[in-house]
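Enquirer: Input: one structure, supplied below.
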Amino acid sequence: MIHSIEDLQEIVNNKISQEEQYTQEIRVCTGSSCSSLGSDELYKDLQKNLSQTPEHKCKVKGVGCNGLCSAAIMVSHYDKSSSKETIYGRIETTQNEDFVCLASNKTNKLETKKCDMSSAFFTKQKKIVLENVGIIDPNDIEDYIYHGGYFALFRALEDKTPSDIINEVKLSGLRGRGGGGYPTGLKWESVSKVESQQKFIICNGDEGDPGAFMDRAVMESDPHRVLEGMALAGYACGANMGFIYVRAEYPLAVEKLNKAIKQARARGILGQNIASSNFSFDVEVRLGGGAFVCGEATALIASIEGNRGHPRQKPPHLSDRGLWNEPTVLNNVETFANIPTIIKKGGEWFKAIGTATSSGTKVFALTGHIQNTGLVEVPMGITLKELIYEIGGGISGGRKLKAIQTGGPSGGCIPAQLLDTQVDYDSLKDIGSIMGSGGLIVMDESSNMVEVAKFFIDFCKSESCGKCVPCRVGTVELSDLLDKFVKKEAKRSDFELLKQMCEVVSQTSLCGLGQTAPNPVVSTLKYFENEYLQGIKNA
Ligand SMILES: Cc1cc2nc3c(=O)[nH]c(=O)nc-3n(C[C@H](O)[C@H](O)[C@H](O)COP(=O)(O)O)c2cc1C
Ligand code: SF4
Ligand code: FES
């Protein structure tokens with residue numbers, strides 16, 4: 001059992017002596033994309049082959065997704081003496097022999113599989129949330145501790161008061177990464193101020209935006225970081241129970257989280273009197289059925305309570321009446337994953353990264369017509385141009401960029417001429433989109449923007465819970481209207497009707513789903529009006 005910082009340090013010391021027997025590490029990605037191509041098999045083969053030859057002094061590790069999923073299967077080689085990591089992509093499951101040769105400095109066929117480690121994809125990222133991803137074994141709590149994990153929680157419990165934690169988070173300027181960008185410190189402060197015997201912490205891992213997989217990667221690759229962030233929130237706000245709501249379509253994330261919870265409980269990091277303090281905290285995973293609306297805070301709570309996932313009117317806010325009517329903090333996975341580093345390095349340190357109103361970094365899932373599809377973490381304030389053309393490697397197929405969609409179904413389409421826009425909450429909002437949770441879809445010149453708008457409206461139409469008329473009926477009307485433009489059968493009056501319908505749906509819907517559903521239509525009308533006008537019959 002771990003009762004103190006000294007106990008944590010002892011684990012680190014033991015690990016250091018165990019690691020001394022190795023001079024190199026081979027890290028096989030066992031994230032969803034790589035394991036779907038058979039990386040688990042390769043990992044097991046390598047473990048068997050290299051552990052039978054201890055003279056190689058090579059440790060073989062299964063790690064989480066390090067971002068470049070487009071080059072799955074990814075395997076990296078880490079040379080301890082030079083601290084140099086070389087990443088290999090598009091590895092075949094049959095290439096285990098090549099890695100055995102690499103580990104023993106023999107000729108192998110891996111040269112052509114080397115990723116360019118000097119490219120912007122590797123050098124321009126700034127990793128806070130993903131700092132352990134691709135490095136630690138998510139199945140091993142001791143590896144997390146070895147890389148500095150749980151020290152922030154134990155230091156907080158030994159030396160800091162709950163209000164110290166809240167002040168640090170406020171100072172950091174951290175804003176919620178689930179889409180809305182609400183200041184996390186303020187959210188925690190309001191819950192901490194409410195007198196109640198029972199409070200809850202909820203981690204929102206629903207991640208329903210099409211194309212998004214940031215939270216899945218964090219939960220699969222570094223689950224203890226999420227638990228540590230939640231426990232710190234529990235200590236700061238006076239809550240002793242937490243739930244992680246994950247969609248059942250994320251079986252690997254569910255498996256890793258449950259394993260991490262079990263390991264943390266077994267070592268006394270979750271449970272009664274953590275670090276011999278008066279603070280007790282436990283976490284359970286709750287599965288969602290994959291409805292987009294269940295990512296909305298009040299619908300998510302209804303779903304955990306065993307009710308239909310329908311949103312409700314706010315106020316009352318969750319800080320007053322959340323889960324089972326008790327004060328509740330609900331944050332996104334990435335928000336919690338930032339917390340241990342903020343507490344360890346300080347709010348000032350975090351605030352110095354990014355822009356004045358959007359501090360820290362943001363994880364994006366780059367998808368669509370882009371060379372480097374995958375997961376990246378960048379400092380806020382980077383321009384879209386740097387993100388797409390440098391880190392993302394530019395547009396695939398030698399085509400021209402037409403638009404970038406950020407914020408999923410609640411977001412907007414940004415035209416290529418606005419590429420110099422900074423990636424931060426306010427700049428994206430100013431041009432009619434939103435940061436959202438981090439899905440970023442790149443579209444080339446072959447994309448039809450009316451069809452893109454229709455795709456998102458159809459998504460909202462089928463995901464609408466049906467509780468309120470403007471969203472239930474409005475999204476159907478919007479879809480039908482857009483269909484006329486796509487088929488070039490619209491009347492001139494449909495153009496005005498479309499705009500009015502967007503206004504009505506966004507102004508009168510009950511929850512965020514309906515209120516933001518028209519956003520992709522509004523932004524494409526703003527920047528690509530011509531494509532709508534071409535959809536008018538005999539125009
Ligand atoms: C329709 C809808 C779906 C949402 N889906 C998610 C989601 O999958 N994950 C998430 O963190 N937030 C989602 N949100 C936002 C949450 O309601 C909530 O604001 C967020 O989880 C709060 O965490 P944060 O402050 O850390 O961002 C969604 C909102 C709406 C309206
Ligand atoms: S806006 Fe849509 S999703 Fe939200 S409550 Fe109304 S019908 Fe349900
Ligand atoms: S899952 Fe292996 S690189 Fe993303």
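Enquirer: Among Val469, Val476, Val505, which is within 16 Å of ligand 2 (Cβ to nearest atom), open to solvent by less than 20 Å² (accessible area, probe 1.4 Å) and of a type outside the set (Ser, Thr, Tyr)?
Expert: Working: Val469 fails: open to solvent by less than 20 Å² (accessible area, probe 1.4 Å); Val476 fails: open to solvent by less than 20 Å² (accessible area, probe 1.4 Å).
Matching residue, one of Val469, Val476, Val505: Val505.
Enquirer: Quickly run through the range 170-206 and pick out the residues that are polar (S, T, N, Q) and without any contact (Cβ under 8 Å) to a residue 40 or more places away in the chain. Quick ask: steps written out before the conclusion?
Expert: Taking the range 170-206 as the starting set, the residues that turn out to be polar (S, T, N, Q) are 172, 184, 190, 192, 196-198, 204.
Within the range 170-206, just Gln197 meets the criteria.
Enquirer: Let me ask something else about it. What pairs can you find where one residue is in the range 282-310 and closer than 22 Å to Ile261 by Cβ, the other is open to solvent by less than 20 Å² (accessible area, probe 1.4 Å) and of a type in the set (S, T, N, Q), and their Cβ atoms are less than 9 Å apart, with a gap of 6+ or different chains?
Expert: Gly295/Ser437; Ile301/Thr328
Enquirer: Same structure, new question: Gln515 - would you say it is outside any helix (DSSP H, G or I), touching a Cys at 6+ places or on another chain (Cβ under 9 Å) and under 17 Å from Gly179 (Cα atoms)? Reasoning before the result, please.
Expert: Details: outside any helix (DSSP H, G or I): no; touching a Cys at 6+ places or on another chain (Cβ under 9 Å): yes; under 17 Å from Gly179 (Cα atoms): yes.
Considered against the rule, which asks whether it is outside any helix (DSSP H, G or I), touching a Cys at 6+ places or on another chain (Cβ under 9 Å) and under 17 Å from Gly179 (Cα atoms), Gln515 comes out as no.
Enquirer: One residue is enough: does the range 33-51 have a residue meeting the conditions touching a His at 6+ places or on another chain (Cβ under 8 Å), buried (at least 17 other Cβ atoms within 10 Å of the Cβ) and among the acidic types (Asp, Glu)? Steps first, please.
Expert: Taking the range 33-51 as the starting set, the residues that turn out to be touching a His at 6+ places or on another chain (Cβ under 8 Å) are 50.
Among the residues that remain, those that are also buried (at least 17 other Cβ atoms within 10 Å of the Cβ) are: 50.
With the extra rule that they be among the acidic types (Asp, Glu), the set shrinks to none.
Within the range 33-51, none of the residues are touching a His at 6+ places or on another chain (Cβ under 8 Å), buried (at least 17 other Cβ atoms within 10 Å of the Cβ) and among the acidic types (Asp, Glu).
Enquirer: Let me ask something additional. Out of Asn338, Asn273, report the one residue that is closer than 22 Å to Ile5 by Cα, free of Cβ contacts under 8 Å to residues at least 40 places away in the same chain and not aliphatic (A, V, I, L, M).
Expert: Details: Asn338 fails: free of Cβ contacts under 8 Å to residues at least 40 places away in the same chain.
Answer to the selection: Asn273.
Enquirer: Now a separate question. Assuming Val60 fulfils every condition listed in (1) under 30 Å from the mean Cα position of the chain (by Cα); (2) under 25 Å from Ile141 (Cα atoms); (3) in contact (Cβ under 8 Å) with a residue 60 or more places away in the chain apart from one, which condition is it?
Expert: (3) is the only condition that Val60 fails.
Enquirer: Let me ask another. Condition check: assigned to a strand (DSSP E or B) and under 27 Å from Met214 (Cβ atoms). Does Leu287 satisfy that? Show your work before the answer.
Expert: Details: assigned to a strand (DSSP E or B): yes; under 27 Å from Met214 (Cβ atoms): yes.
For Leu287, the condition - assigned to a strand (DSSP E or B) and under 27 Å from Met214 (Cβ atoms) - is met.
Enquirer: May I ask you to list the residues in the range 442-463 that are open to solvent by less than 40 Å² (accessible area, probe 1.4 Å) and either touching a Phe, Trp or Tyr at 6+ places or on another chain (Cβ under 6 Å) or of a type in the set (A, V, I, L, M) (or both)?
Expert: Within the range 442-463, Val442, Met443, Met449, Val450, Val452, Ala453, Ile457 qualify.
Enquirer: Further, regarding this structure: So, in the range 54-65, exactly how many residues are open to solvent by 30 Å² or more (accessible area, probe 1.4 Å) and either within 29 Å of Val129 (Cβ to Cβ) or within 16 Å of ligand 1 (Cβ to nearest atom) (or both)? Break it down stepwise before answering.
Expert: So the first thing to find is which residues in the range 54-65 are open to solvent by 30 Å² or more (accessible area, probe 1.4 Å), and the list is 54-55, 57, 59.
Those still in the list that are either within 29 Å of Val129 (Cβ to Cβ) or within 16 Å of ligand 1 (Cβ to nearest atom) (or both) too: 59.
Residues that pass the stated criteria total 1.
Enquirer: Okay, moving on. I need the full set of residues from the range 264-289 which are among the β-branched types (Val, Ile, Thr) and under 27 Å from the mean Cα position of the chain (by Cα), in order please. Walk me through it before giving the result.
Expert: The initial filter retains those residues of the range 264-289 that are among the β-branched types (Val, Ile, Thr), namely 269, 274, 283, 285.
If the condition is that a residue be among the β-branched types (Val, Ile, Thr) and under 27 Å from the mean Cα position of the chain (by Cα), then Ile269, Val283, Val285 are the ones that fit.
Enquirer: Among the helices (runs of 4 or more DSSP H) lying completely within the range 81-175, list those that include at least 1 residues that are open to solvent by less than 50 Å² (accessible area, probe 1.4 Å) and farther than 30 Å from Ala275 by Cα. Write out each step before concluding.
Expert: Working: elements: 96-103, 120-123, 141-146, 151-159, 162-172.
Counting at least 1 such residues, we get 96-103, 120-123.
Enquirer: Of everything in the range 66-80, what is among the polar types (S, T, N, Q) and either farther than 19 Å from Lys127 by Cα or open to solvent by 10 Å² or more (accessible area, probe 1.4 Å) (or both)? Give them in sequence order.
Expert: Step one: list which residues in the range 66-80 are among the polar types (S, T, N, Q), which gives 66, 70, 76.
Of everything in the range 66-80, those that are among the polar types (S, T, N, Q) and either farther than 19 Å from Lys127 by Cα or open to solvent by 10 Å² or more (accessible area, probe 1.4 Å) (or both) turn out to be Asn66, Ser70.
Enquirer: Scan the range 68-79 residue by residue and report those that are outside any strand (DSSP E or B) and more than 6 Å from ligand 3 (Cβ to nearest atom).
Expert: In the first step, residues of the range 68-79 are kept if they are outside any strand (DSSP E or B); the result is 68-74.
Scanning the range 68-79 gives Ser70, Ala71, Ile73.
Enquirer: Right, another one. Going through the range 268-293 one residue at a time, which ones are farther than 17 Å from Ile202 by Cβ, surrounded by fewer than 20 Cβ atoms within 10 Å (Cβ to Cβ) and more than 16 Å from ligand 1 (Cβ to nearest atom)?
Expert: Gly268, Gly271, Gln272, Asn273, Ser276, Ser277, Asn278, Phe279, Ser280
Enquirer: Counting only residues that are among the β-branched types (Val, Ile, Thr) and open to solvent by less than 10 Å² (accessible area, probe 1.4 Å), which one in the range 344-379 is farthest from the chain's Cα centre (by Cα)? So that I can check it myself, show each step before the final result.
Expert: Going residue by residue through the range 344-379, those that are among the β-branched types (Val, Ile, Thr) are 353, 355, 357, 361, 363, 367, 370, 373, 376, 378.
With the extra rule that they be open to solvent by less than 10 Å² (accessible area, probe 1.4 Å), the set shrinks to 361, 363, 370, 376, 378.
Numbers: Thr361: 12, Val363: 6, Ile370: 19, Val376: 10, Val378: 13 Å.
That would be Ile370.
Enquirer: Tally up the residues in the range 508-536 that are open to solvent by 50 Å² or more (accessible area, probe 1.4 Å), under 19 Å from Thr406 (Cα atoms) and within 13 Å of ligand 2 (Cβ to nearest atom), please.
Expert: Of the residues in the range 508-536, 1 are open to solvent by 50 Å² or more (accessible area, probe 1.4 Å), under 19 Å from Thr406 (Cα atoms) and within 13 Å of ligand 2 (Cβ to nearest atom).
Enquirer: Can you tell me which residue within the range 5-41, out of those that are part of a helix (DSSP H, G or I) and under 27 Å from Pro251 (Cβ atoms), is farthest from ligand 3 (Cβ to nearest atom)? Even if it seems obvious, please write down each step before you answer.
Expert: Of all residues in the range 5-41, those part of a helix (DSSP H, G or I) come to 5-19, 32-36, 39-41.
Remaining after also requiring under 27 Å from Pro251 (Cβ atoms): 32-36, 39-41.
Working: Ser32: 6, Ser33: 4, Cys34: 3, Ser35: 7, Ser36: 8, Ser39: 7, Asp40: 11, Glu41: 14 Å.
The extreme case among them is Glu41.
Enquirer: Would you say Ile434 is closer than 26 Å to Glu334 by Cβ and among the β-branched types (Val, Ile, Thr)?
Expert: Values: closer than 26 Å to Glu334 by Cβ: yes; among the β-branched types (Val, Ile, Thr): yes.
Taking the combined requirement at face value, the residue satisfies it.
Enquirer: Considering only the range 291-370, give the helices (runs of 4 or more DSSP H) lying wholly within it that have at least 1 residues that are within 16 Å of ligand 2 (Cβ to nearest atom) and under 17 Å from Ser437 (Cα atoms). Quick ask: steps written out before the conclusion?
Expert: Numbers: elements: 297-304, 333-345, 347-351.
Because the criterion is at least 1 residues that are within 16 Å of ligand 2 (Cβ to nearest atom) and under 17 Å from Ser437 (Cα atoms), the helices (runs of 4 or more DSSP H) in the range 291-370 that meet it are 297-304.
Enquirer: Within the range 182-206, take every residue that is under 14 Å from the mean Cα position of the chain (by Cα) and open to solvent by less than 20 Å² (accessible area, probe 1.4 Å) and give me the one that is nearest to ligand 2 (Cβ to nearest atom).
Expert: Step one: of the range 182-206, the residues under 14 Å from the mean Cα position of the chain (by Cα) are 203-206.
Cutting the leftovers down to open to solvent by less than 20 Å² (accessible area, probe 1.4 Å) gives us 203, 205-206.
On the way: Cys203: 22, Gly205: 20, Asp206: 14 Å.
Looking at residues that are under 14 Å from the mean Cα position of the chain (by Cα) and open to solvent by less than 20 Å² (accessible area, probe 1.4 Å), I get Asp206.
Enquirer: Here's a follow-up. Just to verify a result, which residue in the range 381-423, among those that are open to solvent by less than 10 Å² (accessible area, probe 1.4 Å) and in a loop (DSSP other than H, G, I, E, B), is farthest from Lys126 (Cα to Cα)?
Expert: Residues of the range 381-423 that are open to solvent by less than 10 Å² (accessible area, probe 1.4 Å), as a first pass: 384, 387-388, 391-392, 394, 403-409, 411-415, 423.
Filter again for in a loop (DSSP other than H, G, I, E, B), leaving 392, 394, 407, 411, 423.
Working: Gly392: 14, Gly394: 19, Gly407: 21, Gly411: 24, Val423: 14 Å.
Among those residues, the one meeting the criterion is Gly411.
The values are calculated or read from the model by the stated rules, or taken from the named source; none is laboratory data. All figures in this text were calculated on a predicted structure; none of them were measured in a lab. For neighbour counting, all protein chains shown are included, and Cβ atoms are generated from backbone atoms with ideal geometry for every residue, glycine included. What goes into the accessible areas is simple: the full protein's heavy atoms, side chains included, and nothing from ligands, DNA or RNA. Shrake-Rupley method; radii C 1.70, N 1.55, O 1.52, S 1.80 Å.
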